[in-house]
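Peer 1: Before I ask anything, let me first share the structure, which is written out below as structure tokens.
The values are calculated or read from the model by the stated rules, or taken from the named source; none is laboratory data. Fair warning: this is a prediction, and the values are worked out from it, not measured in the lab. Backbone-built Cβ (ideal geometry, glycine too); neighbour counts: all protein chains shown.
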Amino acid sequence: MPKLSDAQAALLTAAAVRPDLNIFPVPETVRLRGAALDRTLRALLSRGLIRESGMSGGRKRQKPGTHALLIAPAGLAAIGVEAPEARPNETGDAPVPKTRPGGKLGVLLDAVARPGGATLDDLVATLGWLPRTTRAALVRLRQRGFDVRLADMGGRRAYRLAPAA
């Protein structure tokens, strides 16, 4: 069993009880901030006790990179916690959509789910967004697990929601 500082043990223990196994937010009992927190996280990364995930999960201030920091199986073993069977997104696969988004993302999803799909111009007119914002929202839908594709449909390029396999 690796020797851990109090701060390292507190970070790992807090992450182990979270359903997403994320290191952040840092527990209030850990008084490390700034460079001291960075050094502690880098030490945990170098020892293989935490790992970087490809998805940030929307949390701000992910350290040391832009990826989410999750407790690794070695980190669970270091604090004496048995590794769970399988938790969602632990494999790094795209997230499975749990619910349809509401608001303008829901309107966007409904538009691309129509049989003919929707062109970028249709989406811009419907949502009142700039084209770049509309494309960014389409990327966000893809990140949430919706299979939105740009297809050539009858001489026009339209975004469509691919049928579920």
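Peer 1: Taking the stated definitions as given, is V81 aliphatic (A, V, I, L, M), in contact with a helix residue (DSSP H, G or I) (Cβ under 8 Å, 6 or more places away or on another chain) and at pLDDT 90 or above?
Peer 2: no
Peer 1: Of all residues in segment 1-50, count the ones that are within 9 Å of I71 (Cβ to Cβ) and of a type in the set (K, R).
Peer 2: 1
Peer 1: Still on this model: Within segment 115-129, is even one residue at pLDDT below 85 and assigned to a loop (DSSP other than H, G, I, E, B)?
Peer 2: no
Peer 1: Taking segment 142-165 as the search range and keeping residues that are of a type in the set (A, V, I, L, M, F, W, C) and outside any strand (DSSP E or B), which one is nearest to G106 (Cα to Cα)?
Peer 2: If we take residues in segment 142-165 being of a type in the set (A, V, I, L, M, F, W, C) and outside any strand (DSSP E or B), then F146 is nearest to G106 (Cα to Cα).
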